[in-house]
Amino acid sequence: EHVVLGIGLQGNLRQLGCPGGDWGGVQYQLDDPDEYEGENIVVIGAGDAAIENAVALAKNNNVYIVNRRDEFARAKDGNRNLIEAAIANGDITCYYSADPAKVTPGKLTLTVPDGEAEVDCDRIIARLGAVAPRKFVEGCGIEFPSKDPSALPELSPQYESNVPGLYIVGALAGFPLIKQAMNQGYEVVEFILGNHIKPADEPLLEDM
């Protein structure tokens, strides 16, 4: 009678999408930054994950970060301050307004405002975010408001989709924090049981 989808997005990571992007030195996750030492590492991305990876890796490696824009506007203030300080100190080299053009083993070619730049690298860590697994989700009958890959399904205040009895929580609903997904799952299950409760964090906010 009821299905709660909490599948997230990380199984559908956005790929590099340039020639040579299938090189074995390209990865899309970083499990342990201390695993690498003395390497030339390129981190591609301008969000919190990319910044946190670059800063952590810079302790033991020579790190470059590639930002497709001219600033780190999408990052949290704390992370933006960290990366800007690391760049100013020379701990990390940043390529602004740059796009990956080609990957060859041990080298990344970038399109930059004044032409091209080549960066020698032992590995590339691409933190480009993720997109909804639309084929599967739409196969369940769930509708998206547009063809935009970043579009989110429209949900009721109880996280119910346009398919009666099918609920979506977490990143697929636009709430990427695990804490949010857990709170939403709790709210949905209580709603299914017929208990109309306040959102899990509302009493905490009222207390504060």
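Computing FRET efficiency as 1/(1 + (r/R0)^6) for L177 and V131, where r is the C-beta to C-beta distance and R0 is 22 Å, gives about 0.75. Compactness ratio for the range 1-148: Cα radius of gyration over 2.2 N^0.38 Å (N = residue count) comes to 1.16. Each label point was placed 7 Å from the Cα along the Cα-to-Cβ direction; for A117 and D70 their separation is 1.5 nm.
Only Cα sites of the range 119-163 enter the Debye sum here, all with the same form factor; the resulting log10 I(q)/I(0) across q = 0.32, 0.34 1/Å is -1.21, -1.27, listed in q order.
Hydrodynamic analysis of the range 101-208 uses the Kirkwood radius over alpha carbon pairs. Inserted into Stokes-Einstein at 25 °C and 0.890 mPa s, it gives a translational diffusion coefficient of 141 µm²/s.
In the elastic network of the chain, a GNM with C-alpha springs shorter than 10 Å, the most mobile of P153, P176, P133 is P176. Based on the convex hull around the alpha carbon atoms, the range 64-111 presents an average projected area of 3.7 nm². Spacing of the modelled spin labels on H196 and E1, each 7 Å from Cα toward Cβ, amounts to 1.9 nm. Estimated translational diffusion coefficient (Stokes-Einstein, Kirkwood radius over Cα pairs, 10 °C, 1.306 mPa s) of the range 15-87: 123 µm² per second. Relative contact order (percent) for the chain, with alpha-carbon contacts under 8 angstrom and 6 or more residues of separation? Once normalised by length, the contact order is 24 percent. Principal semi-axes of the equivalent ellipsoid, √(5λ) from the alpha carbon gyration tensor of the range 144-203, are 21, 14, 8 Å from largest down. Using the rule -39500 (n - 2.57) for each DSSP H run of four or more residues, divided by the residues of the chain, the 222 nm mean residue ellipticity is -7000 deg cm²/dmol.
Where a number appears in this text, it was derived from the coordinates with a stated rule and is not lab data. Source: prediction; values computed, not measured. A quick note on method: Cβ atoms are made from the backbone with ideal geometry, for glycine too, and the neighbour counts reach across all protein chains shown.
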